1. Measuring from label point to label point, each 7 Å out along Cα→Cβ, what is the TRP261 to HIS40 span in nm?
2. Among ILE152, ASN125, TYR139, whose Cα projects farthest towards the positive end of the dipole of the stretch 104-212, with charges put on the beta-carbon of Lys, Arg (+1) and Asp, Glu (-1)?
3. Kindly count the pairs of lysines across the stretch 79-228 whose alpha carbons are less than 24 Å apart, treating pairs on different chains or eight or more residues apart as eligible.
4. Could you calculate the contour length gain from ARG146 to GLU185, that is, 0.36 nm times the residue separation minus the distance between their Cα atoms, to one decimal place in nm?
5. Hey, what's the stretch 132-180 come to in accessible area per residue, 1.4 Å probe, Å²?
6. Quick check: with the 1.4 Å probe, what order do LEU41, LEU169 take by accessible area, largest first?
7. What are the ³J(HN,Hα) values, in whole Hz, obtained from phi via the Karplus relation 6.51 cos²θ - 1.76 cosθ + 1.60 with θ = phi - 60°, for each residue of the stretch 196-202 in sequence order, with x given for Gly and Pro?
8. Could you rank VAL287, VAL129, VAL102 by how accessible they are, 1.4 Å probe, largest area first?
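The values are calculated or read from the model by the stated rules, or taken from the named source; none is laboratory data. What you see is a predicted model, and the numbers here were worked out from it, not measured in a lab. When we count neighbours, we look across all protein chains shown, and the Cβ atoms used for this are built from the backbone with ideal geometry, even at glycine. Areas reflect the complete protein model, heavy atoms only, side chains present, ligands, DNA and RNA absent. Shrake-Rupley method; radii C 1.70, N 1.55, O 1.52, S 1.80 Å.
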Amino acid sequence: MEAVKLALDYKEDLFFKYYCGSGHQDAFRFRKFLIENITHLDMTDARISNTELTTLSKTDKRIIMDTLITKDGYQVDMEMQNTILNSFLSKRFQYYACKSIVIQLADGEKDYGKLKEFYLIIFINEDNVHLINHGTLRYEDGKQMRDCVIHIYYVNLKAINKIARQRKLSEFEAVIYLMANNTVENIKYEEKEEMIQYMERSYEMFKADGALIRELLEEREKEFFHAMELNETRQEGKKEGIIQTINNLIMIKYHKDANKWLSQCQEKELIKILSLISSNASYESLVEQFKQDN
């Protein structure tokens, strides 16, 4: 496989879990670095928590917190979302935070004093006047409710671009810039803990793992169909996004760069080609479909 042709995105869920949610020490150090810079919590003596699936009831959907870190008094989890924030996602993340509180007493114990504060950090492909937005329960005067156990942080990835045009970035800001743009070329940033180097090493290691690439292929395909079903894809740039997705799939599966002829296809033709890829058709049959339609 010519893995060098595959373009990864630091915002893709599977890849994010790889470089941020893995169990090895470098990934754990990277998570602590992010958490300390976003929440300003003291992560000294923090530890990786049990990431096995947790169920509230036999009929309830099981959840797994892929980047969960626990310290006495609180838990922190991080999620990557390669889209903009909408009503569905906002409610989903609030539900996720509330559920993470409930499962702490899932055994039926009602000692609420034992509840740990839960911090949910969401990296979202959104622009905003603030790089980070923090939400929790507050009174009308803006003061935080006493002993609040739910905290949600949105890291607005696109907001970093304006900051990068104005000044040299901190190492943390450079990490956010790399997540948002998949490169740190042409920007100035501090280097203290080698976090950018860690992310770039993870990039090359992921690309070299055939099993992970196949899993990524399947995930991209599922996400594409899901977006089409929910009609969540924006009309602006919609075709370009479809072409990029299909071309990435072709690169992985057939080791061919089809961007040139895919760009000449209409949207309905692209859907036909995607269906052929899903049915394990040959690369030649994809090209033949293009010739028939054009």
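1. A separation of 5.8 nm, rounded to one decimal place.
2. Of the listed residues, the answer is TYR139.
3. 18
4. Fully extending the segment from ARG146 to GLU185 adds 9.6 nm.
5. Per-residue accessible area for the stretch 132-180 comes out at 55 Å².
6. LEU41, LEU169
7. Calculated HN-Hα couplings, in order: 5, 4, 4, 5, 5, 5, 4 Hz.
8. I get VAL129, VAL102, VAL287, largest accessible area first.
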